[in-house]
Amino acid sequence: MKLGLTTLLLAAVSVGAFAPAAKEAVSVCHGYQHSSATTLSMSSATETAPFVQGPRIIRDELPIVYVYDHCPFCVRVRLALGIMNVKHNVNFLGNDDIPTPTKLCGKKIAPIFEIPEDDFIMTESLDIIEKVDQDERFGASGQILPATGRADIKAWQK
């Protein structure tokens, strides 16, 4: 099954689709009572097939991903590797760890993706995802589709 990059981003934010509430919800925020007579609904014109994860990809030398635990771009890479079922090592970097990323790529940045067998290091989450998706050593290529450019999703993200 092919998943779009937008789908990856939305999956990290929401597990299911929004549905109308059965009854009116009332919440209290900062001392004010709010009533939500209107609910957020989201519908899809097309049905999607359930996600089927591919076979587990285990290289002799596992790829390494260096991440900050709070970084959304790092989460994006880890999510893509998980969807593609690629076994990898994760090294969490501390915020004050400047020597490790500087030694690897020349500056303090994350995520950093390393393929030890090729002596290959790269940064930038979308480039890493594209590399893994196109490299046959990590399973079938073309599993993650590029962003759709849909205006409704871009408006929702704002």
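Remark on Leu145: its backbone amide H falls under 5 Å from those of Leu3, Gly4, Leu5, a criterion applied only to residues 5 or more positions apart or on other chains, H modelled at 1.01 Å from N.
Using heavy atoms of the protein chains and a probe of 1.4 Å, the accessible area assigned to Lys87 is about 80 Å².
Heavy-atom accessible surface of region 81-126, averaged per residue, reaches 53 Å², computed with a 1.4 Å probe.
Dividing the alpha-carbon radius of gyration of region 60-127 by the rule-of-thumb value 2.2 N^0.38 Å gives 1.03. The order of Glu114, Glu124 by accessible area, most exposed first and with a 1.4 Å probe, is Glu124, Glu114. If you plug the beta carbon distance of Ile153 and Asp97 into 1/(1 + (r/R0)^6) with R0 = 41 Å, you get a FRET efficiency near 0.75. Fully extending the segment from Glu130 to Glu61, taken as 0.36 nm per residue of separation minus the present Cα-Cα distance, adds 22.8 nm. DSSP beta bridges confined to region 62-158 are antiparallel in about 65 percent of cases.
On region 49-158, 53 percent of the accessible area sits on carbon and sulfur atoms, based on a 1.4 Å probe.
The values are calculated or read from the model by the stated rules, or taken from the named source; none is laboratory data. Since this is a predicted model, take the numbers as computed values, not measurements. Cβ atoms come from the backbone with ideal geometry, glycine included; neighbour counts cover every protein chain shown. Note: areas computed on protein heavy atoms with side chains; ligands, DNA, RNA excluded. Shrake-Rupley method; radii C 1.70, N 1.55, O 1.52, S 1.80 Å.
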